[in-house]
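One structure below.
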Amino acid sequence: SWYNLQTFLRSLLPPDIVQANHRCVHVEEETGWVRIDSITDTTISSNPYAHWEMMQSTIDLSALTQDAQGSDHQSFFAKLVVAADGINSTIRQVLYDHQRLKERGKPQYSGFAGISSRIANVPTAVIEQLDTKYIQGGRITSIYNDSENLVNPDFRLLRVLLIRLPNNTVSYFLIAPFSAEFWQNKPPNEILDLGIEALKNAEFPSVFTDLIGLSNLEQLSHRPFYIHPVTPHKESQPSWSHGRIVLVGDAAHGMPPFLAQGANQGLEDAAVIATAITKLIRDNGLERDSAIANAFHQYERIRKPFMEKVQTATMSCSQWTQQQWDDFNEILHRREYPSSGTLGQLF
């Protein structure tokens with residue numbers, strides 16, 4: 001489990017190494033060791049690649065910096081480094097920069113963005129239409145238009161999640177394909193107009209544009225969704241490891257949360273990499289570069305092909321037939337690994 005991996009790592013390394021405010025700025029591989037140089041401060045940085053930003057439509061991602069006033073530079077030494085520092089992994093960025101793959105270090109825009117808000121005191125006429133035709137006594141419902149007659153077929157990927165709350169209150173979450181520039185340098189009212197326009201392009205009933213048009217601009221949230229694409233069968237796919245450093249979780253394969261598989265797959269990474277490290281220690285492999293390289297290669301061999309399937313499902317599942325869902329669920333839930341028994345046989 002992830003807890004066991006953290007416990008295991010903490011038993012090997014100084015307990016203060018795993019903190020949210022350590023940001024890697026340099027990696028130096030030495031004989032038998034890795035040195036991680038980091039900036040440490042008390043500020044928890046905003047992460048536009050993974051969190052909702054309230055009223056931040058003018059944010060310039062290129063201007064973001066990892067440095068901070070009053071920061072303290074520290075260095076850590078380790079036999080192995082497991083980089084589980086999220087989709088905006090600074091270890092990934094430094095590692096790939098060393099490999100002349102700087103463009104693969106940062107997350108890529110997935111092509112999708114989301115708009116969200118909670119609307120109180122929704123007019124009774126709107127509530128009645130939503131309750132009768134869509135929510136139908138439930139609390140959460142997801143709506144999309146899979147008609148093959150849409151002028152732009154990409155808008156079959158648009159979906160609206162509605163959450164019915166007491167006292168004529170509704171929260172919505174609109175996910176749609178937008179250009180990469182849609183959220184930048186635009187005030188909230190223009191962001192909202194783009195969402196309404198997307199609903200019209202997807203030929204949603206007018207009750208949805210009426211609802212979203214009621215959004216309080218001061219409470220409007222929006223964010224683009226990012227991804228670290230996994231393409232294990234292409235030569236351009238960078239390795240998840242280099243020397244004594246290995247990427248896991250979102251640092252290796254971050255993706256939008258449309259299937260809620262990000263945390264699940266991070267846990268599976270943890271199970272695999274913990275098994276690999278345990279065997280390295282038992283076999284005295286930490287002193288042999290070839291043994292480390294083989295362990296990390298096995299980790300990628302196990303995880304990359306499946307992560308490609310999960311990412312493909314995440315980005316295309318809104319257009320799936322029931323048979324495609326059944327096939328994917330069969331793959332997802334009926335695999336023989338990872339488990340303690342089968343993983344032990346793979347390393």
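Residues checked against (1) in contact (Cβ under 8 Å) with a residue 12 or more places away in the chain; (2) within 27 Å of Lys186 (Cβ to Cβ); (3) within 24 Å of the chain's Cα centre (by Cα):
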site	(1), (2), (3)
Asp97	no, no, yes
Leu101	yes, no, yes
Tyr109	yes, yes, yes
Ser117	yes, yes, yes
Gln129	yes, no, no
Thr132	no, no, no
Tyr144	yes, yes, yes
Ser147	yes, no, no
Asp154	yes, yes, yes
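Is it the case that segment 150-159 has a residue that's of a type in the set (Asp, Glu), open to solvent by 80 Å² or more (accessible area, probe 1.4 Å) and touching a Lys or Arg at 6+ places or on another chain (Cβ under 6 Å)?
Within segment 150-159, none of the residues are of a type in the set (Asp, Glu), open to solvent by 80 Å² or more (accessible area, probe 1.4 Å) and touching a Lys or Arg at 6+ places or on another chain (Cβ under 6 Å).
Within segment 268-289, how many residues turn out to be out of contact with any Pro (no Cβ under 7 Å at 6 or more places or on another chain), crowded, with 16+ Cβ neighbours inside 10 Å and either under 30 Å from Pro177 (Cα atoms) or of a type in the set (Asp, Glu) (or both)?
Number satisfying all stated conditions: 1.
If you go through segment 160-174 one residue at a time, how many are open to solvent by 30 Å² or more (accessible area, probe 1.4 Å) and either within 19 Å of Phe225 (Cβ to Cβ) or touching a Lys or Arg at 6+ places or on another chain (Cβ under 8 Å) (or both)?
Of the residues in that region, 4 qualify.
Residue by residue through segment 258-290, note down the ones that are outside any helix (DSSP H, G or I) and free of Cβ contacts under 8 Å to residues at least 24 places away in the same chain.
Across segment 258-290, the qualifying residues are Ala260, Asp283, Asn284, Arg288.
With open to solvent by 40 Å² or more (accessible area, probe 1.4 Å) and of a type in the set (Ser, Thr, Tyr) as the only criterion, which of Ser215, Ser206, Ser241 stands out?
Matching residue, one of Ser215, Ser206, Ser241: Ser206.
Inspect all residues belonging to segment 120-134 and state whether any of them is touching a Phe, Trp or Tyr at 6+ places or on another chain (Cβ under 6 Å) and either open to solvent by 40 Å² or more (accessible area, probe 1.4 Å) or part of a strand (DSSP E or B) (or both).
Within segment 120-134 (the criterion being touching a Phe, Trp or Tyr at 6+ places or on another chain (Cβ under 6 Å) and either open to solvent by 40 Å² or more (accessible area, probe 1.4 Å) or part of a strand (DSSP E or B) (or both)), the answer is no, since none of the residues qualifies.
The values are calculated or read from the model by the stated rules, or taken from the named source; none is laboratory data. A quick note: this is a predicted structure, and the numbers were derived from the prediction, not measured. Don't worry about glycine lacking a Cβ; one is built from the backbone with ideal geometry, like all the others, and counts go over all protein chains shown. Ligands, DNA and RNA are excluded from the accessible area calculation, which covers all protein heavy atoms including side chains. Shrake-Rupley method; radii C 1.70, N 1.55, O 1.52, S 1.80 Å.
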